[in-house]
Amino acid sequence: LRGDATTLMAKGAMLDVFRREVSKIREQKAIVVYCVDAADITGTLIKTMRDYVGGNPILLAVTRCDLLPKYIMKTANKNRLKAVIADRTESIVPADIFMCSIPPDATDPEDSDVEGIKELANELLKLRKKKKQEAAQQAQMANIQAQAQANAEASERSAMAEVQKQQALTQEKVSIEQ
């Protein structure tokens with residue numbers, strides 16, 4: 001019994017560490033690749049994952065698909081998987097689903113059995129490129145705004161200098177007339 005209590009305490013401590021570490025994602029802009037086991041989707045599905053990752057997009061990688069019988073893989077598709085996930089949890093709505101596997105005998109990265117992994121990698125690259133483009137656009141907008149602000153300040157200084165010059169001329173003219 002004592003060993004069981006110790007094991008439960010250790011699992012609880014590990015769960016606390018997991019929650020603390022994964023919750024950090026919520027505060028960041030991130031793309032979450034959430035891996036679930038094809039042979040045990042419901043057992044590897046964390047119903048509260050959305051609470052941990054906030055509004056960040058979730059790409060669901062269903063792993064070990066090569067272990068499923070061929071007839072299941074023929075009927076398994078993204079819509080059915082989304083329905084299964086929606087049935088188990090309302091909060092996880094993946095942006096996309098990837099059926100991934102690397103059979104032990106796979107040696108060629110061009111093998112069709114690793115297609116899901118290549119699709120996932122390509123999607124991550126597209127999202128990273130999009131993020132870089134958005135960052136570049138934001139930097140460009142910041143530069144434009146800074147330049148516009150600098151131009152406005154220069155115009156204001158120029159106008160103030162002109163007003164001061166006119167005031168000095170007017171004062172000089174008044175002094176000459178007196």
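The values are calculated or read from the model by the stated rules, or taken from the named source; none is laboratory data. None of the values given here were measured: they were computed from a predicted structure. Cβ sites come from the backbone with ideal geometry, for glycine too, and all protein chains shown count toward neighbours. Calculation scope for accessible area: heavy atoms of the full protein, side chains included, ligands and nucleic acids excluded. Shrake-Rupley method; radii C 1.70, N 1.55, O 1.52, S 1.80 Å.
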Would you check which residues across the range 137-175 are small (Gly, Ala, Ser) and modelled with pLDDT of 90 or more and list them? Ala139, Ala142, Ala146, Ala148, Ala150, Ala152, Ala154, Ser155, Ser158, Ala159, Ala161
State whether one or more residues within the range 151-166 are of a type in the set (A, V, I, L, M, F, W, C) and either surrounded by fewer than 10 Cβ atoms within 10 Å (Cβ to Cβ) or within 32 Å of the chain's Cα centre (by Cα) (or both). no
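The rows are residues; the columns are (1) charged (D, E, K, R); (2) modelled with pLDDT of 80 or more; (3) surrounded by 13 or more Cβ atoms within 10 Å (Cβ to Cβ).
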site: Leu59; (1), (2), (3): no, yes, yes
site: Arg80; (1), (2), (3): yes, no, no
site: Ala83; (1), (2), (3): no, no, no
site: Asp96; (1), (2), (3): yes, yes, yes
Specify the residue that is least open to solvent (accessible area, probe 1.4 Å); the eligible residues are those in the range 24-39 that are modelled with pLDDT of 85 or more and either in a helix (DSSP H, G or I) or of a type in the set (Ser, Thr, Tyr) (or both). Tyr34
